[in-house]
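Okay, structure first, notes after.
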Amino acid sequence: MSTTVGSASTLPAIATGAQAVVQALEVNDVEVVFGIPGVHTLALYDALRDSAIRHVLARHEQGVGFMADGYARASGKPGVALVITGPGVTNLATPLGQAYTDSSPILALSSNVERAYLDGMRGNLHDLKDQLGVTAAVTKWNARCMTASTAGSLLESAFRELRSGRPLPVHIEFPLDVLDESLGEAVAISATHPPVREPASDSIDRAATAITGARRPVIYCGGGAVSSGASAGVTRLAELIGAPVVTSVMGKGSIREDHPLSLGAMWEPGNAIDDLLRRSDCLIVVGSKLGEQATRGFRLPIPTTLIRIDIDPKEMTLNARPDIPILADARLAIDALLDRISTRERLPGGYAREEIDSARHSASLGAYHAERRDHIDALRRAIPADGILSTDMTQMAYVATALYPVYEPRTYFFPMGYGTLGFALPAAIGAKVARPDATVVAMVGDGGFQYTMSELGCAVQERLGIPIVIFNDSTYSAVKNAQERTRDGRYIGVDLVNPDYVELARAYGIPGVRVAAPEDLEREVRLAAARDLPTIIDVPIPGWVAE
Ligand SMILES: Cc1ncc(C[n+]2csc(CCOP(=O)(O)OP(=O)(O)O)c2C)c(N)n1
Ligand SMILES: [Mg+2]
């Protein structure tokens with residue numbers, strides 16, 4: 001049907017809008033699409049059938065979106081989600097909201113009713129009053145394709161958005177009749193790889209002067225340090241200037257957490273790392289919005305000199321105004337800084353190794369429920385350094401934010417900003433599709449698991465050997481905790497009657513085990529990671545609220 005030359009192709013006039021969409025995916029190196037079909041996407045699925053792109057069939061559009069997100073987090077490439085009009089789109093809205101707060105690039109493709117009926121609510125199947133309004137709320141860029149001949153160029157724009165600036169979700173909808181319409185003329189479709197934003201030389205100069213003139217510089221990394229690929233540079237910069245590195249939860253992976261200069265994601269107001277930060281005279285913030293959650297209500301100590309490296313002009317001044325802004329891709333900015341600083345003299349000073357060691361140790365002892373760290377340590381022992389841990393909104397995952405050391409970028413997921421339940425399993429599926437040879441473990445609570453446990457079907461069908469660790473307390477403990485703390489223990493809506501998860505595994509024809517001791521957990525995770533089917537590992541744990 002098409003002539004493909006490298007990363008461009010030409011489609012003949014008789015090709016359809018749907019074929020143009022699939023061609024655009026192909027030339028942009030898309031290898032997999034996560035989706036659920038319907039009568040509104042028949043044309044797209046038919047075109048996919050002729051393509052080498054793999055289709056992974058989810059069981060709910062929430063799963064579709066979290067899989068695309070997990071794929072993106074693991075691979076650094078955009079994850080593609082394909083859904084139907086109306087309920088497909090509203091079901092996808094939650095994962096798009098999650099991807100938006102966590103800066104994960106998802107390309108969402110949906111259908112809509114025929115052009116003549118758009119936004120008319122005339123009783124068409126899957127009518128949604130304002131579908132673009134729903135997706136506008138959770139995307140960076142959002143478009144409606146009104147003629148088949150523009151499908152290719154809209155996809156080009158979508159990939160430009162996905163690959164430039166802050167990585168965020170985008171969406172295009174295709175009215176039914178556009179998908180089946182012929183292009184009417186030959187259309188050329190090319191891949192879009194916009195240049196990565198370089199830092200301005202004067203901002204690098206100013207920052208280099210400030211850093212070399214500082215006595216106690218500290219580096220603070222957010223998710224942008226990980227997603228830009230700045231990890232190696234961050235580590236070299238820290239070593240060069242002797243700066244300890246603190247990260248947000250999203251910034252885990254921007255330096256090996258067993259590096260002597262790493263203070264992990266353990267900063268808290270009043271702890272030993274806070275003391276250390278208060279003595280800094282120069283903070284270099286890399287790819288972080290310094291958000292309310294990460295800064296515990298904007299309480300991160302900001303020293304006299306604040307340098308911020310950010311790709312997003314809006315986030316650059318959000319929450320704290322930098323003295324020296326560096327608007328650029330974080331990896332390029334750090335590389336430029338390294339270049340500029342390596343030949344310059346620096347002021348003596350810095351933190352002693354013992355100070356850093358002692359702050360790290362003290363913070364780890366005081367971390368959230370540190371007395372439960374044995375299970376986290378067991379998981380870390382069972383997961384190789386480059387293996388992925390995909391976590392959910394569950395108490396044990398909160399323990400892991402501080403106490404699970406991450407060694408490599410893109411190997412630790414948490415649904416940070418939006419904080420939705422049900423993320424961990426489908427995100428692990430997406431990650432395992434992206435990195436089939438890596439160990440990928442899902443860690444989830446008994447409550448969160450039930451949001452998307454239907455995706456077990458997908459994991460079985462795709463034969464993905466994911467150990468699924470369910471920390472099971474038959475409770476919405478995070479909420480029960482809050483009711484204890486702030487409502488005098490007036491509990492309501494927090495006790496759960498759960499299925500037997502080992503029996504559930506049996507129903508899917510997959511292994512299921514129940515373990516309590518950390519050593520058994522470690523062993524079962526190792527065994528499960530070696531299988532080519534998912535394994536449910538049910539871990540009964542005591543409640544988190546003293547009765
Ligand atoms: C979509 C969504 N609905 C509700 C919540 C509120 N919420 C946060 S944690 C939580 C309890 C989760 O229970 P579980 O997965 O068993 O983990 P646990 O807190 O018991 O460790 C709830 C209901 C949420 N975060 N997301
Ligand atoms: Mg629970």
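Scanning segment 422-452 for residues that are within 14 Å of ligand 2 (Cβ to nearest atom), out of contact with any Leu (no Cβ under 7 Å at 6 or more places or on another chain) and either farther than 18 Å from ALA478 by Cβ or small (Gly, Ala, Ser) (or both) gives GLY422, ALA424, GLY445.
For segment 484-499, a tally of residues being in contact (Cβ under 8 Å) with a residue 12 or more places away in the chain and within 14 Å of ligand 2 (Cβ to nearest atom) returns 6.
From the list ALA363, ALA382, ALA367, pick out the single residue that is among the hydrophobic types (A, V, I, L, M, F, W, C), over 27 Å from GLN293 (Cβ atoms) and within 27 Å of the chain's Cα centre (by Cα). Working first, answer last.
Numbers: ALA363 fails: over 27 Å from GLN293 (Cβ atoms); ALA367 fails: over 27 Å from GLN293 (Cβ atoms).
Sole residue among the options that is among the hydrophobic types (A, V, I, L, M, F, W, C), over 27 Å from GLN293 (Cβ atoms) and within 27 Å of the chain's Cα centre (by Cα): ALA382.
Looking only at residues in segment 69-78 that are among the small types (Gly, Ala, Ser) and touching a Pro at 6+ places or on another chain (Cβ under 7 Å), the one that is surrounded by the most Cβ atoms within 10 Å (Cβ to Cβ) is GLY70.
Yes or no, residue by residue, for (1) in a loop (DSSP other than H, G, I, E, B); (2) buried (at least 16 other Cβ atoms within 10 Å of the Cβ); (3) modelled with pLDDT of 95 or more:
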position	(1), (2), (3)
PHE174	no, yes, yes
ILE189	no, yes, no
ILE211	no, yes, yes
TYR220	no, yes, yes
ALA265	yes, yes, yes
ILE273	no, yes, yes
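Of the strands (runs of 3 or more DSSP E) lying entirely inside segment 1-63, those containing at least 1 residues that are buried (at least 17 other Cβ atoms within 10 Å of the Cβ) and within 29 Å of the chain's Cα centre (by Cα) are 32-35, 54-57. The one condition from (1) surrounded by fewer than 22 Cβ atoms within 10 Å (Cβ to Cβ); (2) of a type outside the set (Gly, Ala, Ser); (3) at pLDDT 95 or above; (4) farther than 21 Å from PHE414 by Cβ that GLU547 does not meet is (3). Only one entry of TYR418, TYR404, TYR412 meets the criterion of being closer than 21 Å to ALA99 by Cβ, surrounded by 21 or more Cβ atoms within 10 Å (Cβ to Cβ), hydroxyl-bearing (Ser, Thr, Tyr) and away from ligand 2 (no atom under 16 Å from the Cβ), and that entry is TYR412.
Taking the stated definitions as given, is ILE429 away from ligand 1 (no atom under 11 Å from the Cβ), in a loop (DSSP other than H, G, I, E, B), under 26 Å from ARG523 (Cα atoms) and among the β-branched types (Val, Ile, Thr)?
For ILE429, the condition - away from ligand 1 (no atom under 11 Å from the Cβ), in a loop (DSSP other than H, G, I, E, B), under 26 Å from ARG523 (Cα atoms) and among the β-branched types (Val, Ile, Thr) - is not met.
Of the residues making up segment 463-496, those that are surrounded by fewer than 19 Cβ atoms within 10 Å (Cβ to Cβ) and either among the acidic types (Asp, Glu) or under 20 Å from the mean Cα position of the chain (by Cα) (or both) number 3. Screening ILE383, ILE388, ILE356 for residues that are among the β-branched types (Val, Ile, Thr), more than 16 Å from ligand 2 (Cβ to nearest atom) and over 19 Å from ALA438 (Cα atoms) leaves exactly one candidate, ILE356.
The values are calculated or read from the model by the stated rules, or taken from the named source; none is laboratory data. Remember, predicted model here, so these are calculated numbers, not experimental data. Cβ: placed from backbone, ideal geometry, glycine included. Neighbour counts: every protein chain shown.
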